[in-house]
Structure formats: structure tokens, C-alpha cells
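The values are calculated or read from the model by the stated rules, or taken from the named source; none is laboratory data. Note that the structure is predicted; figures quoted are calculated from it, not measured. No Cβ is skipped: glycine too gets one built from the backbone with ideal geometry, and neighbour counts run over all protein chains shown. What goes into the accessible areas is simple: the full protein's heavy atoms, side chains included, and nothing from ligands, DNA or RNA. Shrake-Rupley method; radii C 1.70, N 1.55, O 1.52, S 1.80 Å.
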Amino acid sequence: SFWIINLYALVFAVAAMMYPRLRRLSVERKWNSWSDILSDRFASRPLVIITLVFPMCSMEGYVVAQLWAFRELLPVVSAGYITKNPVTILITLVIYICESMGGFDAVSYTDVVQGTIIIFSLLVGPI
């Protein structure tokens, strides 16, 4: 029933034991990601592509779900004053530009701005 928790704890314990050695090797060999480790160890281009494509597919589903929820919630929160498609496209472009220019930190900052806008809207909306 709770086997997944035990499995997660086991994987975490093994990773914690391996971390010091992997950290030392990553500094020596200039690894930045898991795909760097696999490409250095196995020198297999298809393996590297697989390790890059599968996580991107799962993240794509996550991003689409977030954008879809934003798109559907926008007219509800704004009482129909804001149309959903143009604003969703605009927000998507802003996030894409910020990520292209500033990386994950920029996306984190845009998330903070969006969260502030949401909190402000929830406070002002009922008034």
C-alpha cells in the first residue's frame, strides 16, 4: 500500500551515499546534468537524446496543464472582462522571453509577479 514511500526513501538513501563521489567527479569532468554523466560514461548519442527527450515530454505536459488552467481561470477571476486566448498567449511569450534571456531565475521572478497579481486580484476582486 505504501510501497512507493519506502522505494522513494531507498532511492534517496542510495543517492545520498553516492552524492559525494558524483560531486567530486562532476567538478573534475565538468558535468552539469545527468545527460553529461551518461554521455561521458557510455559515449552513446541515442542514450543522451533519450535522456533529454523524455523529461522534456513530461515537462511539456505539465506546462500545457498550467497554461490551460490559467486560460480557463482568467475569465472567471476577471468576471469576463479579460479574454482568455490573447492574454494566455501574451503571458506565454513573456515567460518564454524571460527564460531565453535569464534562465530559470527569470522564470522564478515571473512566477512571483504572477503570484502577486493573483493575490492582488483575489483581494480586490470581491470589493
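Observations
- The range 15-69, dipole about Cα centre (Lys/Arg Cβ +1, Asp/Glu Cβ -1), debye to the nearest 20: 300 debye
- With N as its number of residues, the range 49-105 has a Cα radius of gyration that, divided by 2.2 N^0.38 Å, comes to 1.37.
- Loop chymotrypsin sites (Phe, Trp or Tyr not before Pro), the range 73-127 (other Cβ atoms within 10 Å of the site Cβ: 12 or fewer; DSSP): TYR81
- The HN-Hα couplings worked out from phi for the range 65-82 by the Karplus form 6.51 cos²θ - 1.76 cosθ + 1.60 (θ = phi - 60°) are 5, 5, 5, 5, 5, 4, 4, 7, 7, 4, x, 5, 5, 8, 6, x, 6, 10 Hz, whole numbers, x standing for Gly and Pro.
- Heavy-atom accessible area order for VAL53, VAL112, largest first, 1.4 Å probe: VAL112, VAL53
- Accessible surface, per residue, of the range 11-70 when the full set of protein chains is kept, probe 1.4 Å, Å²: 86 Å²
- The residues packed around ALA65, meaning those with a beta-carbon under 13 Å from its beta-carbon, carry a net charge of -1 if Lys and Arg are +1 and Asp and Glu are -1.
- Karplus-based coupling profile of the range 106-117, in residue order and whole Hz: 5, 5, 4, 5, 5, 5, 5, 4, 5, x, 5, 5, with θ = phi - 60° in 6.51 cos²θ - 1.76 cosθ + 1.60 and x standing for Gly or Pro.
- Positive dipole terminus of the range 7-81, leading residue within MET18, ASN32, ALA65 (C-beta point charges): MET18
- Considered as an equivalent ellipsoid built on the Cα gyration tensor, the chain has semi-axes of 39, 20, 16 Å, the largest given first.
- For the range 33-45, 3J(HN,Hα) per residue [Karplus equation, 6.51 cos²θ - 1.76 cosθ + 1.60, θ = phi - 60°, Hz, x = Gly/Pro]: 8, 5, 5, 5, 4, 5, 5, 6, 6, 10, 6, 10, 5
- Label point 7 Å beyond Cα of THR116 along Cβ direction - residues of the range 58-74 with amide nitrogen under 19 Å: none
- Carbon-plus-sulfur accessible fraction, the chain (probe radius 1.4 Å, protein heavy atoms only): 73%.
- Global form of the range 83-127, assessed from the alpha-carbon gyration tensor, a/c cut-off 1.5: oblate
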